[in-house]
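Trainee: After the structure tokens below, expect a handful of questions from me.
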Amino acid sequence: MSEQVRLTIDGKTVVASSDTTILQAALDNGIYIPHLCSHGNLHPTGSCRMCLVGVEGEADPVTSCITKCREGMVVNTKDELAEKIRKLSCDFMFKTHPSECTGCPKYGKCQLASISQYVGDTGRKLKANTISVAANTSNPIILHEMYRCILCGRCVRACQELRGVGAIKFAKVNGREQVVIDGDSLKNADCRFCTACVEVCPTGSIREHPEITEKLEGKTREEGYVPCRDACPCHIDVPRYIRFINEGNYAAASAVVREKAPFPHALGYICVHTCETQCKHEYLNEPVSIRNLKRFAAEHDDGEWKKNTFRKPESGKSVAVVGGGPAGLTLAYYAAKLGHKVTIFDAGAKLGGQLRYGIPFYRLPEEVLDKEVDEITSDERITVQTGTRVATPPELLKQGFDAVFVATGVHEGIKLPIPGSELAGVIGGTNFMRAFENGEASVGKNVVVLGGGPVAMDCAGASFRLGAENVYMACLESYEGMTSPKEELTWAEEEGIQLFNSRTFNEITGEDGKCTGVKVQEVGNFRRENGKFMFDKLEGTEQLLPADNVIFATGQKPEIPTDGSFGLELCHGNYIATTGPNGETSVQGVWAAGDAVTGIKDVISAIAAARRAVSAIDVYLGGDGNITENLAPVQYRDPNIGRIEGFGDLPRTDPRVIDPKTRVSEYKTCGPMDKGFDEALARCESRRCLQCDLRCDLEPQKFWNDYVGKEGEGA
Amino acid sequence: MKREELNTLLADAAGRGNGIFVLNLACDDPIALLNRALATEKAAALTDAAKAAAEQMKAEKCIVMLPEGFDSFGIEGAETVIVPRSLVLREAPAALHMLATGELRACPDERSYPTEGLDGRPTVIADAVTLLHQEGKKALMLVTADTRKLLEVDVGTAVSDILQSQGIPHAEKPLLLGGLTGRMVPASTPLTVEDTPDFDLLRPYGAAECMADTAASLLANAREESCQKCVLCREGTWQMAAIFADVTEGKATRDTLPMIDDIGPLIQAGAFCTFGKGMARLAVSILSACKAELDMHIIRKQCPTGVCAAFNRKTYAIDPKKCAANGDCVDECPEDAITFKKNFISMIDKAMCTGCGKCASVCEEGAIVVYDGKMRVPDKATRVGRFK
């Protein structure tokens, strides 16, 4: 039972709970007591002997981090004997520690150095007692340089008590206490690689490998420690939704995605998952299959999140959205919620943009997209005008709209100006895909796809499905350098694509005005200089690929005319020029975002750009621009993650993908080729998450000047 | 712990129910090993006393903590737990922590022992010394270089009487009381047995035992004994053991030992647990109790007992005034350490001499003596009778 007690610390009367330690009471009241082994998230052990204080009536100094406040206690933090003991303890620790500080990666951020600065040096001639143990860089993520260890035991407590893992422990080695791995490697010790040990280590003993540490430069803890969330253009809270999935609360997981992006289900199918490219599980084996987890969560969306979503009263303002792709729909979604009337203009028959016309339906089913589009457009504040091409967007301001948002995308495939590109049977990739989606495309027996990115993969896949017998793909990039996501490349290979990497295209051959083949030649020394592709052609390597059709998947551009009729300043040919970070354009009141600004990019980047733009537009229209939402329930992040046998080697869970033969021959009826995760697979995969976000919950390292700065301000 | 304190704890625990009684035999001093001796020699009485205590607290469970390497004691119906022996386990929180986690660590008293002991159940921990304690009596170990004996004496008995009655010759050497957490007492101090842990052990040192070597090995023991979690104890035992080792190795100077006087009292005041405080007290007490003998090592560079091999590597020398250059010694030397030339004074190479003394035993002139470091000897070939 705790009660309020009054005590005196350094002559100052302090009221504290009897549950509080003297150390905590002092710090709470702006009085600094040196402490090293003590840490806000860990049980105190009193082992560093830094926090000793004098207490009236006690013969020996008292350990303030483990002694609770008592009524009438008179504490002297600057007790002479206590200070002498502190100095001795500090002397001792430095005798075990390398004497050079400047070469240490923790230089300037070392709590031992900081505390010794405060406590002061005695110059005592003690014997050096360094720990001769070699650096251990053999483990993934975490490296040990335990010759710097001062045995404060914070890492051991963090791993054993806080995390319930126990991958590291104290052990006497040749009669000398050390912190050691409980096994021959961290993986074999079932380490969860949560890096709590790294976070609490006061010295440079336990750190992350330099390539990981470097990435933290200039980032906040929240950003740097959770690389998946940081890498996502929308900063979707990945660990939070994976934890919800692991807890079986799938709807809440979907709500977490919705806090940042309005199409969780479509994203679950097609997102380029930059999160996965930064996932630290990569260092153990492969990244967590985040996209498929997102899709699984979205499949279990129950709409409960709608109760938590904001909806502001009508503002009386109106916004025109030109282009109903991911960016335009995102903007419309938030603008309507912010109280504005929205009209979406789109040249196509249906909304969705690249989601509908760029990505084949066998990868993203139409009904999934329809449902998410309808969810947005069913808002009574949104009006849709499809089949309407807006020639001059700024004109909409004159028609009474208070703001205009342009996100018309890139829908014109670029045919490279090589001989023969005008022949019949030669088509731009995006045009081909649009025709495929509309059921209007056909191919001959041999198809050559030029390019190696995601669009090229879809063109190849679509060609197989249209009955092509041989699909050749030629691209400048080497196999390793291909820009398409790895799994899409794998799928194309399974379907029988024949790859010609490191090739340039010399000419398209033809007969009677119709293409018959492509002459390709091997290149060496492929590189990019000033945004241009550079390479050397290798003599004598030209070969002819037979082609009834040639598909250029070498880039696409906006359909914006360059004659000035569009009414906005353009750049790099016919892309829309923006003048500010939120998509401001040359015309006040008009914003632009998406592929028409950036060139072809991913859906999630377009959504992120639209979120920035909608905030700016709202502020322009007199709102506060705030679109922050907490749609998911509050999550308890249990720090005690416990031990999972063989955790570090848990393999990435494969989604259920239909076999290549069936998915090609029955593509019209078999539904999406990738069936994603069922519940068992999702739960299994969610366990693999390293839960990097838990590290943010640990108290940041503080130095004496952090406290002393507050001194004098009082409580 | 006094028996009355134990009774209070037992009564308190009895009122709470569902208690655990722990007989702790793993908390012995490594020199005294008093609990172990009691458990061996008074096994029946200890079993009865433990059962009675468990009954007194209405314990639902009984645990016997045995030190590694000692398994000849057990109580029927009690769980036996083998743990490393350590003085650190004298403190109840450390013993509880050991039982709960298997880790040796002096702990903060977080659980408010004994009400929330093991598994949150009331737990009372007692050692054999406390359980078998009788008012006015003291069980103690008398240990010498070659004997160990469990004695039970009346409180107030003069220590000198005990030593005399046990036939231990008076050696004018210091006496160690209580072991690693005890104190070294100068030979002349009159002592009577008190009912304190200091009198768990009487360790008189014999004439042949070197106190510098003893100090070094006591502190090395303490280093082993330390749980090494608290900086002052971990590094303090290491530093002090290294300092005493320097003394035995002839590396000490007049500035060496004052370091113990400097850091010892600070460690005694500042160490986390009673072990750390106790071992520092011992180190400081050694300094005053053994001053004369330690100084011999440092200032005179001599080990009076000849134990410290570093400077008492006994070598022989040939008295140049007595040597007759007859070569008897040369043939006898197994190391070929003696240079011989007819009519020249024979010389012993000190670096090669192992001090076996065979040469001295054959020299009819009695010219070969243990080298005392003072006698002048020739350093180059010198004719018999010409050395000055």
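Trainee: Across the range A:412-557, how many lysine pairs separated by 8 or more positions, or lying on different chains, have Cα atoms within less than 21 Å?
Mentor: Lysine pairs meeting the criterion: 9.
Trainee: OK, next. Compute the distance in nm between two label points, each set 7 Å from the Cα along the Cα-to-Cβ direction, one at A:Ser185 and one at A:Asp512.
Mentor: Calculated label separation equals 6.4 nm.
Trainee: Is the shape of the range B:3-131 rounded, prolate or oblate, going by the alpha carbon gyration tensor and its root eigenvalues a ≥ b ≥ c, with a/c under 1.5 for rounded and a/b larger than b/c for prolate?
Mentor: oblate
Trainee: Counting only other chains, what is the mean number of Cβ atoms within 10 angstrom of the Cβ of each residue in peptide A:115-127?
Mentor: 2
Trainee: Give the peptides B:258-266, A:625-633, A:427-435, B:164-172 in descending order of average Cβ contacts within 10 Å, highest first.
Mentor: For the peptides B:258-266, A:625-633, A:427-435, B:164-172, the packing ranking is A:427-435, B:258-266, A:625-633, B:164-172.
Trainee: Here is a follow-up. Please compute, for peptide B:231-241, the average count of beta-carbon atoms on other protein chains lying within 10 Å of each residue's beta-carbon.
Mentor: Mean partner shielding for this stretch: 6.
Trainee: Determine the calculated [θ] at 222 nm for chain B from helices alone, applying -39500 (n - 2.57) to every DSSP H run no shorter than 4 residues and normalising by the residue count; nearest 500 deg cm²/dmol.
Mentor: Mean residue ellipticity, 222 nm, calculated: -10500 deg cm²/dmol.
Trainee: I'd like the projected area of the protein assembly as shown, averaged over all directions, using the convex hull of its alpha carbons. Report it in nm² with one decimal.
Mentor: Convex hull of Cα atoms, orientation-averaged projection: 64.4 nm².
Trainee: Follow-up. What lysines sit close enough to B:Lys61 to cross-link, taking a C-alpha to C-alpha distance under 27 Å and skipping anything fewer than 8 places away on the same chain?
Mentor: Hits, sequence-local ones excluded: B:Lys2, B:Lys42, B:Lys51.
Trainee: Sort A:158-171, B:233-246, A:409-422 by packing, meaning the average of other beta carbons within 10 Å per residue, with the highest value first.
Mentor: B:233-246, A:158-171, A:409-422
Trainee: Let me ask something additional. Any chance you could run the full-extension gain for A:Glu395 through A:Asp302? It's 0.36 nm times the residue separation minus the Cα-Cα distance, nm to one decimal.
Mentor: So the extension gain works out to 29.4 nm.
Trainee: Another one. Which of rounded, prolate, oblate describes the range B:161-222, given a ≥ b ≥ c as roots of the alpha-carbon gyration tensor eigenvalues and a/c under 1.5 marking rounded, otherwise prolate only if a/b is larger than b/c?
Mentor: Judged from the Cα gyration tensor, the range B:161-222 comes out oblate (a/c at least 1.5, b/c at or above a/b).
Trainee: ³J(HN,Hα) across the range B:77-83 via Karplus (A = 6.51, B = -1.76, C = 1.60, θ = phi - 60°), whole Hz, x for Gly/Pro?
Mentor: 3J(HN,Hα) across the range B:77-83, in whole Hz: x, 9, 7, 9, 10, 9, 9.
Trainee: For the pair A:Glu211/B:Asp195, report the inter-label distance in nm, with labels modelled 7 Å from Cα in the Cβ direction.
Mentor: Taking the simple label geometry, A:Glu211 and B:Asp195 are separated by 7.1 nm.
Trainee: Could I ask something else about it? Go through the range B:244-254 residue by residue and turn each phi into a ³J(HN,Hα) via Karplus (6.51, -1.76, 1.60, θ = phi - 60°); whole Hz please, and just put x for glycine and proline.
Mentor: 5, 5, 4, 4, 6, 9, x, 9, 7, 10, 4
Trainee: Only bridges whose two residues both fall in chain B count here: according to DSSP, what percent of them are antiparallel, nearest 5?
Mentor: Of all bridge pairs located within chain B, approximately 55 percent are antiparallel.
Trainee: Right, next: Taking the Cα centre of the range A:249-389 as origin, work out the dipole magnitude from +1 charges on Lys and Arg Cβ and -1 charges on Asp and Glu Cβ, in debye rounded to 20.
Mentor: Dipole about the Cα centre, nearest 20: 480 debye.
Trainee: Okay, next question. Consider all pairwise Cα distances in the range A:214-362 and report the whole-number % of them above 19 Å.
Mentor: Percentage above 19 Å: 61.
Trainee: Same structure, new question: Among A:Ile131, A:Phe505, B:Ala171, pick out the residue whose Cα is farthest towards the positive end of the charge dipole of the protein assembly as shown, where Lys and Arg carry +1 and Asp and Glu carry -1 on C-beta, about the Cα centre.
Mentor: B:Ala171
Trainee: Counting alpha carbon pairs within less than 8 Å and at least 6 residues apart, what relative contact order, in whole percent, applies to chain B?
Mentor: The value is 12 percent.
Trainee: What is the magnitude of the charge dipole of the protein assembly as shown about its Cα centre, with +1 placed on the Cβ of each Lys and Arg, -1 on the Cβ of each Asp and Glu, and no other charges, expressed in debye to the nearest 20?
Mentor: 2680 debye
Trainee: What size of dipole, in debye to the nearest 20, comes out for the range A:431-580 about its Cα centre when the only charges are +1 on Lys and Arg C-beta atoms and -1 on Asp and Glu C-beta atoms?
Mentor: 220 debye
Trainee: OK, next. Testing the spin-label approximation: label points 7 Å from Cα along Cα→Cβ at B:Lys341 and A:Arg637. State their distance in nm.
Mentor: Here the modelled spin labels are 8.7 nm apart.
Trainee: While we're looking at this one, here's another question. What number comes out for the charge environment of A:Lys187, summing +1 per Lys or Arg and -1 per Asp or Glu over other residues with Cβ under 15 Å away?
Mentor: With Lys, Arg at +1 and Asp, Glu at -1, the net is -3.
Trainee: Relative contact order for the range A:317-412: what is it in percent, counting Cα pairs under 8 Å that are at least 6 residues apart?
Mentor: 44 percent
Trainee: Here's another thing I want to ask about it. Using only Cα atoms and rounding to the nearest 10 degrees, what angle (0 to 90) does helix B:43-56 make with the longest principal axis of chain B?
Mentor: Compared with the principal axis, the helix lies near 40 degrees.
Trainee: Another one. Whole-Hz ³J(HN,Hα) for each residue in the range A:177-194, computed from phi via Karplus 6.51 cos²θ - 1.76 cosθ + 1.60 with θ = phi - 60°, x for glycine and proline: what do you get?
Mentor: 5, 9, 8, 10, 7, 7, x, 8, 7, 4, 4, 6, 8, 6, 4, 9, 6, 7
Trainee: Right, next: At 0.36 nm per residue, and after removing the present C-alpha to C-alpha distance, how many nm does the segment from A:Thr669 to A:Thr383 gain when stretched out fully?
Mentor: Net length gain for the segment: 99.7 nm.
Trainee: At a Förster radius of 56 Å, what calculated FRET efficiency corresponds to the Cβ-Cβ distance of B:Met1 and B:Val369, to the nearest 0.05?
Mentor: My answer for the efficiency is 0.45.
Trainee: Just to confirm the number: angle between the C-alpha axis of helix A:603-620 and the first principal axis of chain A, 0 to 90 degrees, nearest 10?
Mentor: The angle comes out near 80 degrees.
Trainee: Still on this structure: With a cut-off of 8 Å between alpha carbons and a minimum separation of six or more residues, what is the relative contact order of the range B:137-204 in percent?
Mentor: After rounding, I find 41 percent.
Trainee: In deg cm²/dmol, rounded to 500, what helix-only [θ] at 222 nm does chain A give when every DSSP H run of at least 4 residues adds -39500 (n - 2.57) and the total is split over its residues?
Mentor: When only DSSP H runs of four or more count, the value is -7500 deg cm²/dmol.
Trainee: Now, a different point. Once Lys and Arg get +1 and Asp and Glu get -1 on their Cβ, which of B:Val330, B:Ala269, B:Val307 lies farthest toward the positive end of the dipole of chain B?
Mentor: B:Val330
Trainee: Working out 0.36 nm times the residue gap between A:Glu282 and A:Arg124, then minus their Cα-Cα distance, what length gain in nm do you get to one decimal?
Mentor: Additional length available on full extension: 52.1 nm.
Trainee: For B:Lys341, which lysines qualify as cross-link partners when the Cα separation must be under 27 Å and same-chain residues fewer than eight apart are set aside?
Mentor: Within the straight-line cut-off, B:Lys341 pairs with B:Lys314, B:Lys321, B:Lys322, B:Lys350, B:Lys358, B:Lys374, B:Lys380, B:Lys388.
Trainee: So, by mean Cβ neighbours within 10 angstrom, what's the order for B:208-218, B:18-28, A:476-486, A:439-449 with the highest one leading?
Mentor: Final packing ranking: B:18-28, B:208-218, A:439-449, A:476-486.
Trainee: On a 0 to 90 degree scale, rounded to 10, what angle separates helix B:211-225 from the longest Cα axis of chain B?
Mentor: 40 degrees
Trainee: List every residue whose amide H lies under 5 Å from the amide H of A:Val406, counting only residues 5 or more places away in sequence or on a different chain, with H placed 1.01 Å from N in the peptide plane.
Mentor: For A:Val406, the qualifying residues are A:Val322, A:Trp591, A:Ala592, A:Ala593.
Trainee: Looking only at the range B:137-151, which residues have a backbone nitrogen under 18 Å from a spot 7 Å from the Cα of B:Thr40 in the C-beta direction?
Mentor: The answer is B:139-151.
Trainee: Would you list which lysines come within 21 Å of A:Lys219, measuring only between C-alpha atoms, while excluding same-chain residues fewer than 8 positions from it?
Mentor: Within the straight-line limit of under 21 Å, A:Lys219 reaches these lysines: A:Lys106, A:Lys109, A:Lys260, A:Lys280, A:Lys702.
A short reminder: the numbers here are calculations on the coordinates, not readings from a lab. Since we're looking at a predicted model, the values are computed, not measured. Positions of Cβ are backbone-derived with ideal geometry, glycine not excepted, and every protein chain shown enters the neighbour counts.
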